1. Looking at region 125-136, which of its residues are surrounded by 14 or more Cβ atoms within 10 Å (Cβ to Cβ) and either among the aliphatic types (A, V, I, L, M) or out of contact with any Asp or Glu (no Cβ under 7 Å at 6 or more places or on another chain) (or both)?
2. Every residue in region 83-105 that is more than 16 Å from residue 141 (Cβ to Cβ), surrounded by fewer than 18 Cβ atoms within 10 Å (Cβ to Cβ) and modelled with pLDDT of 90 or more, please.
3. Restricting to region 91-144, count the residues that are free of Cβ contacts under 8 Å to residues at least 60 places away in the same chain and touching a Leu at 6+ places or on another chain (Cβ under 9 Å).
4. Filter region 107-124 down to the residues that are under 31 Å from the mean Cα position of the chain (by Cα) and either at pLDDT below 90 or surrounded by fewer than 14 Cβ atoms within 10 Å (Cβ to Cβ) (or both) and list them by number.
5. Return the total of residues in region 119-167 being hydrophobic (A, V, I, L, M, F, W, C), within 16 Å of residue 107 (Cβ to Cβ) and part of a loop (DSSP other than H, G, I, E, B).
Amino acid sequence: MLKVQEIRELIKLLDSTSVSELSYEENGCKIKLRKGVVTGVAVPEVVQAPTVVPQVQAAPVKAEAPKVEAPKTEAPKAEEAPVSAAINDETLHKIVSPMVGTFYAAPSPDEDDYVQVGDKVNADSVVCIVEAMKLFNEIEAEVKGEIVEVLVKNGQLVEYGQPLFLVKAE
C-alpha cells in the first residue's frame, strides 16, 4: 500500500514534467494520476425562464395628495448627558478625553466623585478616570480654576477629544 508521502511525491513528479497521465502499480495497489484533464464532471446547464411582464392599467390621477412630513426628532442616546449651552463659551476651559474609553467620576463605586460642580482644582488635580482596555487612566484638570459643569455621566462611553468638564480658569 502506498503511503500519503509517496502519493504526494508522485503528484509533484507529474506536475514537474510534461507528462499528462501517470499509472503506478505496486503490490496490488494501483494509482492513476492525470493532469489537465477533467472527466466525469457534470456542468450544469443554465436555463432562463422567459420573463413575463404583467400588464397593469392605472387609473388616471386627478389630484395630488398633499405631502405630510413627520416631524424630525432624534431620540437622545441613552448614554449621553444633555449637552450644555455653556460648552460653546470661549471663556471656559474644556477638559477633554485623551482617548476612547469609559468615564468614571470616582476611583471606585463606593467612593465619592473626584470633583463636583463648584469644586476648586489645580492643574495637577485628578478629575476623573478614563478606562480603556482595562487600563485606568487618571485625567488631570490641566488648569487652576473652578468646575462649572460635568458634561458626562459616570460609566458613559467617551470619544477621543470629547469634552468632559468645563472649568472657569483663574
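The values are calculated or read from the model by the stated rules, or taken from the named source; none is laboratory data. If you're wondering where the values come from, they're calculated on a predicted model, not measured in any experiment. Neighbour counts are summed over all protein chains in view; Cβ atoms, including those assigned to glycine, are modelled from backbone coordinates with ideal geometry.
1. Matches in region 125-136: 127, 128, 129, 130, 131, 132.
2. Hits for region 83-105 are 99, 100, 102.
3. Qualifying residue count for the region: 6.
4. Within region 107-124, 108, 109 meet the criteria.
5. Looking only at that region, the number is 1.
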